[in-house]
Amino acid sequence: MNTTTTNESTNFSDIIKKSVMENFVSDISISKILITLGIAFVIALFIYLLYKRVFSGVLYSKSFNVSLIGMTMITATVIIAINSNLVLSLGMVGALSIVRFRTPIKDPTDLIFLFWAAAAGIVTGAGFYTLAVLSSVIIGLILFFFIKKATVDTPYLLVINCDNDSSEQEIHKTITSVVKRYNVKQKTVTPGNIELTLEVRLQDEEGRFVNQISEMHGVKNAVLISYNGDYVS
């Protein structure tokens with residue numbers, strides 16, 4: 001009975017050991033490396049073009065977009081190396097665990113593209129080419145639809161300086177009649193001056209009403225600013 005149990009334990013250990021060792025190939029063929037990096041580059045180029053197409057921020061950063069290509073291919077290279085050697089994989093896990101990235105990401109969309117590039121590199125490097133391509137196409141279509149088509153009305157900031165409360169009331173009446181909707185984002189009151197910051201949605205793409213407001217009695221100046229919906233007072 002004890003002999004049978006020992007044999008079963010040994011067989012189970014051999015199976016686990018064999019399973020682990022079969023997943024690591026010490027010799028990597030040149031063709032596999034080229035195919036993997038080629039597919040990784042195509043996916044990275046797709047991410048690059050999509051990010052450039054859907055970007056809706058203030059300043060487009062080409063260096064950040066190019067870094068997405070580099071991240072995808074470098075990640076794929078690391079995964080190829082990890083798959084080739086068990087000892088190397090353990091060493092890389094330990095080395096990469098101490099890496100800290102301190103570059104601030106202001107736009108959550110940029111963070112999505114960073115994770116997408118890293119995930120695409122991991123999946124491609126692991127050899128799941130079909131999964132990498134199909135998932136990238138599906139993710140790209142979803143992001144394009146929701147980022148590019150989500151905003152129907154372009155928001156604007158309207159900054160107005162006026163003299164007193166009566167002028168402010170007249171401004172509100174005029175704005176109500178010429179825009180779809182608006183809300184007060186900030187109001188600053190100083191002696192002899194009231195500064196209003198309003199988020200407005202125009203009835204059309206024209207901003208001619210700003211001239212009308214500027215000519216109102218008690219209004220010092222009015223400025224219309226296009227922005228992407230993020231505002232910090």
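Here, each number is a calculation from the coordinates, and none is a lab measurement. Just so you know, these numbers come straight off a predicted model, no measurement behind them. Cβ: placed from backbone, ideal geometry, glycine included. Neighbour counts: every protein chain shown.
Measuring between alpha carbons in the structure, the pairs from Lys62/Lys185; Lys185/Lys220; Lys148/Lys185 lying more than 27 angstrom apart are Lys62/Lys185.
Modelled label positions at Thr77 and Asp165, each set 7 Å beyond Cα in the direction of Cβ, lie 6.8 nm from each other.
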